[in-house]
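A quick write-up on the structure given underneath.
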């Protein structure tokens, strides 16, 4: 749990000091879902992890709904109201993900449609800049670390009761995205936070693709190598997005 907290703090600190496009790529790395699956792998067999990974891949679509609602609400409302709007969008989407029996083809279609919708809905927000330099608050670091550690610990502890469907859906709970966005909003303004969210759709597609890779790789490679493959996939995917954007500019 200490390692999870350190990863969260480091990733969020890098995100806050970067322009929105780079911050989005850091925020979409498997900072919370990766440690969650490592701990789940210690307690469950390959069949559990395979089923959970497919459900987590589908839950990226619910995260897309969260991102769209959050980004657009940030341009109109304060931090609390914008966050409430985001979770009002996420909860029914996550409920649908949890209760639907997904096939791989349906997951690909669902994530593709939600990511395209997100890219269209948030295209005007992608290039907003910070409204102020902002100041770090004392509770920033412990709050974000505690939130992720609590999520990882809860999913691991309750995984027997939640089953692969519940564990897979909640493993992608947008706690890191919430933390980074909320703190960015308080420090740099709503438009900068909205820009970070608007730039995160590409990274979220990579998360879903990495989880599908894990889903297929576990029966072949085993849990450890499959999870490592998924991590490498996410890093390479986001690096590719960064290099493409950098080349464009």
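The values are calculated or read from the model by the stated rules, or taken from the named source; none is laboratory data. What you are looking at is a predicted structure, and each value in this text was computed from that prediction instead of being measured. Every residue, glycine as well, gets a Cβ built from its backbone with ideal geometry; the counts of neighbours run over all protein chains shown.
A few comments on the model shown:
- Residues satisfying the stated conditions in region 88-109, i.e. part of a helix (DSSP H, G or I) and surrounded by 15 or more Cβ atoms within 10 Å (Cβ to Cβ): 89, 90, 93, 94, 96, 97, 98, 107, 108
- Answer from 182, 212, 231, 191 - the residue that is within 20 Å of residue 106 (Cβ to Cβ), in contact (Cβ under 8 Å) with a residue 24 or more places away in the chain and surrounded by fewer than 24 Cβ atoms within 10 Å (Cβ to Cβ): 212
- Taken over region 28-77, residues that are within 19 Å of residue 174 (Cα to Cα) and free of Cβ contacts under 8 Å to residues at least 40 places away in the same chain amount to 2.
- Matching helices (runs of 4 or more DSSP H) fully within region 116-233 where at least 3 residues are closer than 25 Å to residue 75 by Cβ and at pLDDT below 75: 140-171, 175-188
- Residue-level check: of (1) part of a helix (DSSP H, G or I); (2) surrounded by fewer than 16 Cβ atoms within 10 Å (Cβ to Cβ), residue 76 misses just (1).
- Residue that is modelled with the highest pLDDT, among those in region 22-43 that are over 12 Å from the mean Cα position of the chain (by Cα) and buried (at least 21 other Cβ atoms within 10 Å of the Cβ): 37
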